[in-house]
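Novice: This structure is in structure tokens; I'll ask about it shortly.
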Protein chains: 2
Amino acid sequence: MEFTEAKAQFLQTWGALGSQWGINKTMAQIHALLMISPESLSMEEVMEELKISRGNASMNLRGLIDWGIVYKEYKPGERREYFVADQDVDSLARKIAIERSKREVKPALRVLEGVKNFDDDSSKEAQKFKKKTQELHDFVEKADTMLEKIINQKENWITKTIMKLMT
Amino acid sequence: MEFTEAKAQFLQTWGALGSQWGINKTMAQIHALLMISPESLSMEEVMEELKISRGNASMNLRGLIDWGIVYKEYKPGERREYFVADQDVDSLARKIAIERSKREVKPALRVLEGVKNFDDDSSKEAQKFKKKTQELHDFVEKADTMLEKIINQKENWITKTIMKLMT
DNA sequence: AATAAGTTTCACTTATTACTGAAACTTTCA
DNA sequence: TGAAAGTTTCAGTAATAAGTGAAACTTATT
């Protein structure tokens, strides 16, 4: 396989993977592009390379900056902004995990908390409902705690975690 | 909050959570409904309760069965099929994790493997590309291994994992 | 302060994914 | 075996999410 082909396939696959994980295709692709690029890129260059519109590029670059995995870079004497991706894969994954917990898990927990304390009418249905929502709440809370523990092992967290789980 | 309201809100939220995690809304809702239901339900009842069409109900029930988190149940003397959800939240989560790894992570790994062994033309771009794809491949592989380790602690895996990570 | 280069926004279009419902098929039992 | 009850499929439709591009806005420079 040639470099150009490999690159295209990589951008393509990473984009698809991204959309399965709640990050939209373009956002994942821009991020992938910046990661493999030896120099920082301007918005123009991103648009050109991925054949996307200005609006799309702008929105998604901003999104990536919000997620904290892409940074702006200013070159001396140049007006134009350049973009760089966080080069550390570990820290990237950590940031994504934190962000998803904040955006999805935490809100779900709040709803489960509210819902499990409904006015119990002591019917069979109500009993079962109470039991299950309680269980789900506890489970989600635990899973979230686990995620936090894993990602808080600052450096090389995956390796460290695997080591711990070896026993 | 009343039972009926709590139930509606729960079904609603669980559906939304599902779609963020790659399980479509209806599928997540059917699953939620079956989980909180004290009796097994027929397809008719599911359709009725969630106000969805026969086709939709059929497709998604089948999907849930494929995921291995819902089972068919036959009542003696009755022709109709009834559906029950796996009641164990731990085993449910484990099954979802296994399935997602199989469907998403493994294929992505295969592509990364192919792509990182492209014909190197020794340009700066190619060098960087090789380095990054290698890093990403190793990372994804490690993460997947970790997931496997976690879920292989058969019983109460979340609790067990947290205990291990406590140190 | 005028202008030109750069950047962002947003109403609209396109693409993707999910859902409907009628028709086809299957099973059971009289 | 045929008719009724039950189940599945799938072509068409609807809902949702993503992307476009021109216009508006910002900033730096003279």
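The values are calculated or read from the model by the stated rules, or taken from the named source; none is laboratory data. These figures come from a predicted structure and were not determined experimentally. Don't worry about glycine lacking a Cβ; one is built from the backbone with ideal geometry, like all the others, and counts go over all protein chains shown. Ligands, DNA and RNA are stripped out before the accessible areas are found, and what is left, the full protein with its side chains, is counted by its heavy atoms. Shrake-Rupley method; radii C 1.70, N 1.55, O 1.52, S 1.80 Å.
Novice: Being crowded, with 18+ Cβ neighbours inside 10 Å and more than 7 Å from chain A (Cβ to nearest Cβ) is the filter here, so list the residues in the stretch B:106-129 that pass it.
Specialist: Answer for the stretch B:106-129, where residues must be crowded, with 18+ Cβ neighbours inside 10 Å and more than 7 Å from chain A (Cβ to nearest Cβ): B:Leu112, B:Lys116.
Novice: Okay, next question. Can you tell me how many residues within the stretch A:130-149 are more than 7 Å from chain B (Cβ to nearest Cβ) and in contact with a Ser or Thr (Cβ under 8 Å, 6 or more places away or on another chain)?
Specialist: The number of residues fulfilling the criteria is 3.
Novice: Something else now. Just wondering, is there one or more residues in the stretch A:61-79 that are outside the structural domain of A:Met35 (by TED's automatic domain parsing) and hydroxyl-bearing (Ser, Thr, Tyr)?
Specialist: no
Novice: Give just the number: which of (1) surrounded by 18 or more Cβ atoms within 10 Å (Cβ to Cβ); (2) within 13 Å of chain A (Cβ to nearest Cβ) does B:Gln9 not satisfy?
Specialist: The single condition B:Gln9 does not satisfy is (1).
Novice: What's the number of the only condition in (1) surrounded by fewer than 16 Cβ atoms within 10 Å (Cβ to Cβ); (2) more than 28 Å from A:Leu109 (Cβ to Cβ); (3) of a type in the set (Asp, Glu) that B:Glu2 fails to meet?
Specialist: With (1) surrounded by fewer than 16 Cβ atoms within 10 Å (Cβ to Cβ); (2) more than 28 Å from A:Leu109 (Cβ to Cβ); (3) of a type in the set (Asp, Glu) applied to B:Glu2, the lone miss is (2).
Novice: Give the residues of the stretch A:24-41 that are more than 14 Å from DNA strand D (Cβ to nearest atom) and either assigned to a helix (DSSP H, G or I) or open to solvent by less than 10 Å² (accessible area, probe 1.4 Å) (or both), sorted by residue number.
Specialist: Within the stretch A:24-41, A:Leu34, A:Met35, A:Ile36 meet the criteria.
Novice: Right, another one. I'd like to check something: does the stretch A:89-104 contain any residue that is farther than 30 Å from A:Ala32 by Cα, outside the structural domain of A:Ser37 (by TED's automatic domain parsing) and not hydrophobic (A, V, I, L, M, F, W, C)?
Specialist: no
Novice: Would you pick out the residues in the stretch B:42-93 that are more than 11 Å from DNA strand D (Cβ to nearest atom), within 23 Å of the chain's Cα centre (by Cα), more than 14 Å from every other protein chain (Cβ to nearest Cβ) and of a type in the set (Gly, Ala, Ser)?
Specialist: The answer is B:Gly68, and nothing else.
Novice: Continuing with this model, one more query. Kindly indicate whether A:Leu165 is modelled with pLDDT under 90 and at the interface with chain B (Cβ under 7 Å from one of its Cβ atoms).
Specialist: Numbers: modelled with pLDDT under 90: yes; at the interface with chain B (Cβ under 7 Å from one of its Cβ atoms): yes.
Answer is yes for this residue.
Novice: Do you know which of the residues in the stretch A:12-23 that are away from DNA strand D (no atom under 12 Å from the Cβ) and of a type outside the set (S, T, N, Q) is nearest to the other protein chains (Cβ to nearest Cβ)?
Specialist: By that ranking, first place goes to A:Leu17.
Novice: Follow-up question, since we're still on this one. For A:Val89, are the conditions met, namely being open to solvent by less than 80 Å² (accessible area, probe 1.4 Å) and more than 16 Å from DNA strand C (Cβ to nearest atom)?
Specialist: yes
Novice: Of the residues that sit in the stretch A:60-79 and are among the basic types (Lys, Arg) and modelled with pLDDT under 90, which one is nearest to DNA strand C (Cβ to nearest atom)?
Specialist: A:Arg79
Novice: Output the residue which, of all residues in the stretch B:32-41 that are of a type in the set (Gly, Ala, Ser) and more than 15 Å from DNA strand C (Cβ to nearest atom), is farthest from the other protein chains (Cβ to nearest Cβ).
Specialist: Once the filter is applied, the top-ranked residue is B:Ser40.
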